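Colleague: Provided herewith is a single structure, encoded as structure tokens, for subsequent inquiry.
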Amino acid sequence: MSKRSNKGFYIFCDESVKQDRHYSNFYGGCIISKHDHDRVSTALLEYKAQLGMEDSELKWSQINNFRVDSYCQMMDAFFDFIAASTIKVRIMFTDNRRIPTSVSTDQRKIEYHLLYYQFIKHAFGFAQLESDYEISLEFFFDMLPDSKEKNKSFKKFIYGLQFLPELGTANLKIARDSIYEVDSKSHVLLQCTDVVLGAMAFKLNDHHLDKPKGQRTRGKRTIAKEKVYKHINKRIREIKPHFNIGISTGASELIDRFTDPYRHWLFIPSDHEYIGGSKKKKRPGNS
């Protein structure tokens, strides 16, 4: 953890599900003031230990029938901080029915990083900030699954966010050595973000309906994950009563994009072809 001033924000980012049935390219992150970070992380770690999970990494993929209650309780602890706006969570994903039409071959090779960059640039609402003092940002990315060269280039773009005219009023300050790749085992906020991100990808891609090959009923792990998803969805709806997981979260005012405790962003390419059928089909985002 950085020893710099506690003014500004830490941003913890994760990614999940490159390609799936209906929705793909899932990115998630949470933002917390540097002043609050140690207090919140300590509280979450202590609660995790009380649940007997101190030696386990919280991961969506690890949820099973024996840990449902523990995961739901950890999500309660996490969402208590979200409801208080101490932590703000953002989720981004794409709709497979919307196919980009103006993406070059070179851009496709770095699509993962391009989308990640768009997520960081827009999802946290920095463009809506007007600050008369510097806002320091430090980024903690779960280990980036790409080549060192591509990852280095990506970090340069993140560093360059502070110089973009459209973000100028935010007065952002990003040091070159404040963009980290970290092991999520060492950061409970990344672990909690992983669970929320996994839950959204699970539901939006209908994995709650999955059955083992040759079986007529769903597996215990699938049922367990659905229970955790429903619990997370319940907590989100306590914050956003009319929340729809499959669309971008609305904003009464533009500043809501920064201040809202929880938001989703369905990323739609500016140039794209829609390949959906003519008949309206119910999608998982309606529940």
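Colleague: Taking θ = phi - 60°, what integer Hz values does the Karplus form 6.51 cos²θ - 1.76 cosθ + 1.60 yield along region 255-264, in sequence order, with x for Gly and Pro?
Modeller: 5, 4, 5, 9, 7, 4, x, 8, 8, 10
Colleague: Okay, moving on. Suppose each label sits 7 Å from its Cα in the direction of the beta carbon; what would the S270-R97 distance come out to in nanometres?
Modeller: The modelled label-to-label distance comes out at 2.4 nm.
Colleague: Same structure, new question: Using modelled backbone amide H atoms (1.01 Å from N, in-plane), which distant-in-sequence or interchain residues come within less than 5 Å of V182's amide H?
Modeller: Amide H to amide H, under 5 Å and 5 or more residues apart or across chains, V182 pairs with F141, D142, M143.
Colleague: Arranged by the count of other C-beta atoms within 10 angstrom, fewest first, what order do C30, C72 take?
Modeller: Exposure proxy ranking, most exposed first: C72, C30.
Colleague: Let me ask something additional. Pull out a ≥ b ≥ c, the square roots of the eigenvalues of the alpha-carbon gyration tensor of region 159-287, then state rounded if a/c is under 1.5, prolate if not and a/b is larger than b/c, and oblate in the remaining case.
Modeller: It is prolate, given that a/c is not under 1.5 and a/b is the larger ratio.
Colleague: For a label point 7 angstrom out from the Cα of A251 toward its Cβ, which stretches of region 24-52 have the backbone nitrogen within less than 17 Å?
Modeller: 29-31
Colleague: Same structure again: Report the residue, chosen from S70, S61, S136, that carries the largest GNM mean-square fluctuation when the chain is represented by alpha-carbon nodes joined by springs under 10 Å.
Modeller: Comparing S70, S61, S136 in the GNM, the peak value goes to S61.
Colleague: Next question. I need K152, K121 ordered by Cβ neighbour count within 10 Å, fewest first.
Modeller: With the sparsest Cβ surroundings first, the list reads K152, K121.
Colleague: Further question on the same structure: Using +1 at the C-beta of Lys and Arg and -1 at the C-beta of Asp and Glu, which of Q191, F157, L172 has the Cα lying farthest in the positive direction of the dipole of region 149-213?
Modeller: The residue sitting farthest along the positive end of the dipole is F157.
Colleague: Can you show me the helix-derived [θ] at 222 nm for the chain, built from DSSP H runs with n ≥ 4 at -39,500 (n - 2.57) apiece and divided by the number of residues, rounded to the nearest 500.
Modeller: Mean residue ellipticity at 222 nm (helix-derived): -11500 deg cm²/dmol.
Colleague: Follow-up question, since we're still on this one. In the calculated pair distance distribution of region 9-286, what percentage of Cα-Cα distances lie above 30 Å?
Modeller: 30 percent
Colleague: How many angstrom lie between the Cα centre of region 73-140 and the Cα centre of region 221-252?
Modeller: Result: 18 Å between the Cα centres.
Colleague: Can I ask one more? How much length would be gained if the chain were fully extended between D80 and N65, taking 0.36 nm per residue of separation minus their Cα-Cα distance, in nm to one decimal?
Modeller: 3.0 nm
Colleague: Which residue fluctuates most in the GNM of the chain (Cα springs below 10 Å): G276, G160, G198?
Modeller: G276
Colleague: Also, quick follow-up: Arrange the following residues from fewest to most other Cβ atoms within 10 Å of their Cβ: E181, E138. Numbers along the way, then the final one.
Modeller: Values: E181 12, E138 21.
In order of increasing Cβ crowding within 10 Å: E181, E138.
Colleague: For the chain, with only Lys/Arg (+1) and Asp/Glu (-1) charged at the beta-carbon, what is the dipole magnitude about the Cα centre, in debye rounded to 20? Write out the running numbers ahead of the final one.
Modeller: On the way: 46 positive and 36 negative charges, 271 e Å.
Dipole size: approximately 1300 debye.
Colleague: Lysines near K213 by alpha-carbon distance under 21 Å, same-chain residues fewer than 8 away left out - which ones?
Modeller: Partners within reach: K203, K225.
Colleague: Ok, one more. Which order do the peptides 17-27, 90-100, 48-58 take when ranked by the mean count of other beta-carbon atoms within 10 Å per residue, highest first?
Modeller: Result, highest mean Cβ count within 10 Å first: 90-100, 17-27, 48-58.
Colleague: Moving on. Kindly provide the chymotrypsin sites (Phe, Trp or Tyr not before Pro) of region 101-148 that DSSP labels as loop, not H, G, I, E or B, and whose Cβ sees at most 12 other Cβ atoms within 10 Å. Provide the component values of the computation, followed by the final result.
Modeller: Numbers: sites: Y112, Y116, Y117, F119, F124, F126, Y133, F139, F140, F141; in loops: F124, Y133.
Counting only loop positions with at most 12 other Cβ atoms within 10 Å, the chymotrypsin sites (Phe, Trp or Tyr not before Pro) in region 101-148 are Y133.
Colleague: Something else: Past the 25 Å Cα-Cα mark, which pairs from K34/K150; K88/K155; K211/K240?
Modeller: Violating the 25 Å limit, Cα to Cα: K34/K150; K211/K240.
Colleague: Where does the charge balance sit around Y71 when Lys and Arg score +1, Asp and Glu -1, over other residues with C-beta under 11 Å from its C-beta?
Modeller: Local net charge: +3.
Colleague: May I ask you to derive the relative contact order of region 176-271, considering only C-alpha pairs under 8 Å and at least 6 residues apart, and to give it as an integer percent? The partial results should precede the final answer.
Modeller: Values: 52 pairs, mean separation 17.4, N = 96.
Relative contact order here is 18 percent.
Colleague: For an R0 of 45 angstrom, estimate the FRET efficiency from the Cβ-Cβ distance between R216 and V182 and round to the nearest 0.05.
Modeller: Once rounded, the FRET efficiency stands at 0.55.
Colleague: Right, another one. With a cut-off of 8 Å between alpha carbons and a minimum separation of six or more residues, what is the relative contact order of the chain in percent?
Modeller: Here the relative contact order equals 29 percent.
Every number in this text was worked out from the coordinates using simple rules, so none of it is lab data. Predicted, not measured: the structure shown is a model, and the values here were computed from it. Every residue, glycine as well, gets a Cβ built from its backbone with ideal geometry; the counts of neighbours run over all protein chains shown.
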